[in-house]
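The values are calculated or read from the model by the stated rules, or taken from the named source; none is laboratory data. The structure displayed is predicted, hence computed values, not measured ones. All Cβ positions, glycine included, derive from the backbone under ideal geometry; neighbour counts span all protein chains shown. SASA here: full protein model, heavy atoms, side chains in, ligands and nucleic acids out. Shrake-Rupley method; radii C 1.70, N 1.55, O 1.52, S 1.80 Å.
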Amino acid sequence: MALSSIWVVAEPSNGTFTSTSLELLSHARTFSATVSAITWGEHGSDLAAVAGDYGATTLYDVGDVGDVLPGVPVASAIAALVASQGAPDAILIPTSYDGRDIAGRLSARLDRPVLTNVTGLIDEDGLITEHPAFGGTQIVKAHFTGEGPGIVVVRAKSFVAEPAGGASAVVVGAPAGDTGVTGGAKIVQSHIEERSGPKLEEAAVVVSGGRGLGEAEKYALIEETAKLLNGAPGASRAIVDAGWVPYSHQVGQTGKTVKPTVYIACGISGATQHMVGMKGSKNIVAINKDADAPIFQIADLGIVGDVHKVLPALIEALKARG
Ligand SMILES: Cc1cc2nc3c(=O)[nH]c(=O)nc-3n(C[C@H](O)[C@H](O)[C@H](O)COP(=O)(O)OP(=O)(O)OC[C@H]3O[C@@H](n4cnc5c(N)ncnc54)[C@H](O)[C@@H]3O)c2cc1C
């Protein structure tokens, strides 16, 4: 292994780490001799067992960050760790709102560049990052030059999260120190979006709707089908931009990457920017009235038909199944 040390920013969520954090820990241990995790929150140190299970030997705990966005204290704590422990070969950060905030602030503190939108990491005499370009049709490879750690922001679902059964990580306190005026902004209100089924990124079945639905009200067909299949509803950017559904539903280059067991694309043409976010699905079903729609090129099962006829029939069949 050419890389001796990788740090992974592991975002806490509901008593564990986010799925992207677990994916990064799992992949990091395949090409680095030592993997350390950095987390925060009231119960950060309780996550030592999870961190160890996914390959980290040390868990740096920034502690409770109170009512500030984590970006400020976590970036400050990591910069302090680099100063006291020496720099790792790379710092891997999940692509998320907080992850991006941490990466930007850390870049300024360490005076090191950030590589973003990363979907692959290879050890070839040093760390090589892979980035999809031109709607995922080309892969660009990049690497860091100069001294200091590479800061790498990795997209969800780029790797598989797999526990390794390692011993609990050793917890080491990593205080943020004085963050000065940057720590002055406070969270005054937060809102958790209502959701009844599984998360879009984690669902085994995703049913997505596109412009072919015709009007916003018809998205109810997508929601009902997803619910009956215990899946999550997704969307193309066209209907997000049209204001039919929130951005959190968007699948694709500028939305979420999903890799469910079954992906059902309804009234979606199959633009490269959409396909880059779902082509890794195990089974792809497409419903489109245009037999030449590009989505059929990657579909395992194609239904040439009107979504307004096919979806109600599917819903009826699923209800009859019980
Ligand atoms: C920089 C950039 C980033 C982008 N990021 C994303 C992204 O993250 N995600 C994304 O989705 N897009 C993204 N896009 C937009 C993308 O290029 C397409 O415009 C978008 O995906 C099209 O959405 P759509 O398939 O719903 O609509 P359309 O392309 O308009 O396709 C509608 C489809 O519905 C079919 N249809 C119509 N009526 C029916 C019916 N009654 N029954 C069945 N089928 C019917 C039509 O045959 C057609 O194939 C991006 C674009 C750019 C430039």
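Taking label points 7 Å from Cα along the Cα-to-Cβ direction, residue 67 and residue 306 give a separation of 5.5 nm. The simple spin-label model puts a point 7 Å past each Cα toward its Cβ; for residue 178 and residue 49 those points are separated by 4.0 nm.
In the chain, the longest principal axis of the Cα atoms and the axis of helix 97-110 are about 30 degrees apart.
Please say if the chain is rounded, prolate or oblate, where rounded means a/c under 1.5 for a ≥ b ≥ c the square roots of the C-alpha gyration tensor eigenvalues, and otherwise the choice is prolate for a/b larger than b/c and oblate otherwise? Taking the square roots of the gyration eigenvalues as a ≥ b ≥ c, the chain is prolate.
Taking the Cα centre of the range 98-253 as origin, work out the dipole magnitude from +1 charges on Lys and Arg Cβ and -1 charges on Asp and Glu Cβ, in debye rounded to 20.
Values: 14 positive and 19 negative charges, 47 e Å.
For this selection, approximately 220 debye.
Amide H to amide H distances under 5 Å link residue 207 with 232, 234, 264, where only residues 5 or more positions off or on other chains count and H is placed in the peptide plane. Straight-line reach from residue 218: taking Cα to Cα under 28 Å and skipping same-chain neighbours fewer than 8 places apart, the lysines in range are 199, 227, 256, 259, 279, 282, 289, 309, 319.
Paramagnetic label reach from residue 289 (point 7 Å along Cα→Cβ; backbone nitrogen cut-off under 14 Å): within the range 261-276, residues 267-269. In the chain, Cα pairs under 8 Å separated by at least six residues give a relative contact order of 15 percent.
Each Cα pair under 8 Å and six or more residues apart adds its sequence gap; the mean of these over the residue count of the range 1-150 is a relative contact order of 22 percent. With a Förster radius of 25 Å applied to the beta-carbon distance between residue 193 and residue 162, the computed FRET efficiency rounds to 0.30. Surface composition of the range 79-216: carbon plus sulfur atoms contribute 51% of the solvent-accessible area (1.4 Å probe, protein chains only, all chains present).
Separation of the range 268-304 and the range 154-174 by C-alpha centroid, Å? Each part's Cα centre sits 33 Å from the other's.
For the chain, the solvent-accessible area of protein heavy atoms averages 48 Å² per residue (probe radius 1.4 Å; ligands and nucleic acids excluded).
I need the calculated FRET efficiency for the pair residue 170 and residue 138, taking r as the beta carbon distance and R₀ as 45 Å, to the nearest 0.05.
0.60
Computed FRET efficiency, Cβ-Cβ of residue 117 and residue 313, R0 30 Å: what is it to the nearest 0.05? That gives a FRET efficiency of 0.15. When +1 charges are put on Lys and Arg Cβ atoms and -1 charges on Asp and Glu Cβ atoms, the dipole computed for the chain relative to its Cα centre reaches about 720 debye.
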